[in-house]
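Beneath this line is the structure, given in C-alpha cells, with notes to follow.
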Amino acid sequence: MRKLTCIVCPIGCSLEVEENASVQDIESGNLSVTGNRCPRGAVYALEEIRAPKRVVTATCKIEGEAEHSVRRVPVKTVSPCPREKISTLLDDIYKLNITLPVKTGDILISDWKGEGIDVAVTRTIA
C-alpha cells in the first residue's frame, strides 16, 4: 500500500492506495483507495498517483531594481503544474524582468507552453 495524506481539505485524511497495480489500472483509475472521508480524497489520491501536480511559487527580477526598495516580485501559478515540468517553468519564470508597477493578479505568463498555466503576481508593488 502507498500512503498519502489528503490535502484537499483541512481534515487531512490518511489515504492508502493499492500499491501493486498494473500500469493499465493506474491510467484507467481502477485503483483501490481507502481512508478517505469524502469522494474528493479518492480523486486526489488517484491524481497524485497518475499525474501529480503542484502550484508553483517563485520570484521574478525587477528591471532597474536599483531604483526600488523591493528587489523581486513574488509570483505563483494560477493552476497546478505537472510535477515533471516544474523545473522548466521555473527557468522561464526566472528569465522574466518585470517593469513596475504591478498589482496582485497581473498575469505575467499566459497559457505557458499551451499547458493552460498562467503565472500571476501575488503582491502589488508600485
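Some points to look at:
- All of (1) open to solvent by 60 Å² or more (accessible area, probe 1.4 Å); (2) assigned to a strand (DSSP E or B); (3) closer than 30 Å to residue 13 by Cα hold for residue 40 with one exception: (2).
- Filter result for the condition that a residue is under 23 Å from residue 84 (Cα atoms), modelled with pLDDT of 85 or more and not small (Gly, Ala, Ser), over 6, 38: 6
- Top-ranked residue in the stretch 74-108 [being among the charged types (D, E, K, R) and assigned to a loop (DSSP other than H, G, I, E, B); ranked as surrounded by the most Cβ atoms within 10 Å (Cβ to Cβ)]: 106
- Pairs with Cβ under 8 Å, 6+ apart, first in the stretch 9-27 and open to solvent by 100 Å² or more (accessible area, probe 1.4 Å), second modelled with pLDDT of 55 or more and of a type in the set (S, T, N, Q): 24/30
- Complete set of residues in the stretch 56-73 that are surrounded by 12 or more Cβ atoms within 10 Å (Cβ to Cβ) and among the aliphatic types (A, V, I, L, M): 56, 58, 62, 70, 73
- When the stretch 106-126 is filtered for residues that are under 14 Å from residue 76 (Cβ atoms) and among the acidic types (Asp, Glu), the ones remaining, listed by number, are 106, 118.
- Taking the criterion of being touching a residue at least 24 places away in the same chain (Cβ under 8 Å) and touching a helix residue (DSSP H, G or I) at 6+ places or on another chain (Cβ under 8 Å), the only residue of the stretch 89-107 that qualifies is 89.
- Every residue from the stretch 109-126 that is open to solvent by less than 50 Å² (accessible area, probe 1.4 Å) and touching a residue at least 40 places away in the same chain (Cβ under 8 Å): 117, 118, 119, 120, 121, 125
- Residues in the stretch 109-126 that are outside any loop (DSSP other than H, G, I, E, B) and closer than 25 Å to residue 69 by Cα: 109, 119, 120, 121, 125.
- So residue 49, is it open to solvent by less than 40 Å² (accessible area, probe 1.4 Å) and either over 30 Å from residue 2 (Cβ atoms) or modelled with pLDDT of 90 or more (or both): no
- Condition met for residue 31 (modelled with pLDDT under 95 and surrounded by 14 or more Cβ atoms within 10 Å (Cβ to Cβ)): yes
The values are calculated or read from the model by the stated rules, or taken from the named source; none is laboratory data. The structure presented is a predicted model; accordingly, all values stated were derived computationally and were not measured. We place every Cβ from the backbone using ideal geometry, glycine too, and count neighbours over all the protein chains shown. Heavy atoms of the whole protein, side chains included, go into the accessibility calculation; ligands, DNA and RNA do not. Shrake-Rupley method; radii C 1.70, N 1.55, O 1.52, S 1.80 Å.
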